[in-house]
Amino acid sequence: MQQGLTDELYQHVHQYYDHPDFTPRERLAAEFAEQYAIDHRGIDDAMWARMSEHFSDVELLELTITCGFCVGMGRAYQVLDIAVDFDVLWSREPPAAS
C-alpha cells in the first residue's frame, strides 16, 4: 500500500490488462505473474524481451523469486487445506473441482 496500490486499484487487479489506472509496467508485471502461475514453461524469449524493456535485471530476479514464493505458498495452503477468506477466481486458471 505504501508504494501506490490503493484499495480502489486493488479491487481491479483482475482487470490489470485494461484498467486505466494500471501503468504499462504494472500490467506487464501482472501478466508475467499470471503466466508464471498458470504456465511457467510458456514464458518465452519474447516475454523476457518485453520484460527487459521495463525492468532491470535485478527487478526481473526479484519479480521471478516473488512469483515463485507466492505460487509455492498458494500450493502449500491448498495441501494444508487452509481456508481462504474469499472465493474469487482472478485468473484464467480453471476452478478447482468440487
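Here, each number is a calculation from the coordinates, and none is a lab measurement. Bear in mind that the values here come from a model prediction, so they are computed numbers and not experimental data.
If each residue of separation counts as 0.36 nm, what is the full-extension length gain between Arg27 and Gln78 once their alpha-carbon separation is subtracted? Can you show the working numbers first?
Values: separation 51, 0.36 × 51 = 18.36 nm, distance 2.70 nm.
Working it through step by step, the gained length comes to 15.7 nm.
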What are the residues whose amide H is under 5 Å from the amide H of Tyr16, where those residues sit 5 or more places off or on another chain and H is modelled from the backbone?
none
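Restricting to Cα atoms and excluding each atom paired with itself, what does the Kirkwood estimate give for the stretch 36-82 in Å? Write out the running numbers ahead of the final one.
Details: mean 1/r = 0.0840 Å⁻¹.
Evaluated on the stretch 36-82, it is 11.9 Å.
Relative to the present Cα-Cα distance, how much length would full extension add between Thr64 and His14 at 0.36 nm per residue of separation? All intermediate terms of the calculation are to be shown ahead of the outcome.
On the way: separation 50, 0.36 × 50 = 18.00 nm, distance 1.96 nm.
Contour length minus Cα-Cα distance gives 16.0 nm.
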Tell me, what ³J(HN,Hα) does each residue in the stretch 43-55 have, in order and in whole Hz, if you take phi through Karplus 6.51 cos²θ - 1.76 cosθ + 1.60 with θ = phi - 60° and put x for Gly and Pro?
6, 10, 4, 5, 5, 4, 5, 4, 5, 5, 6, 10, 10
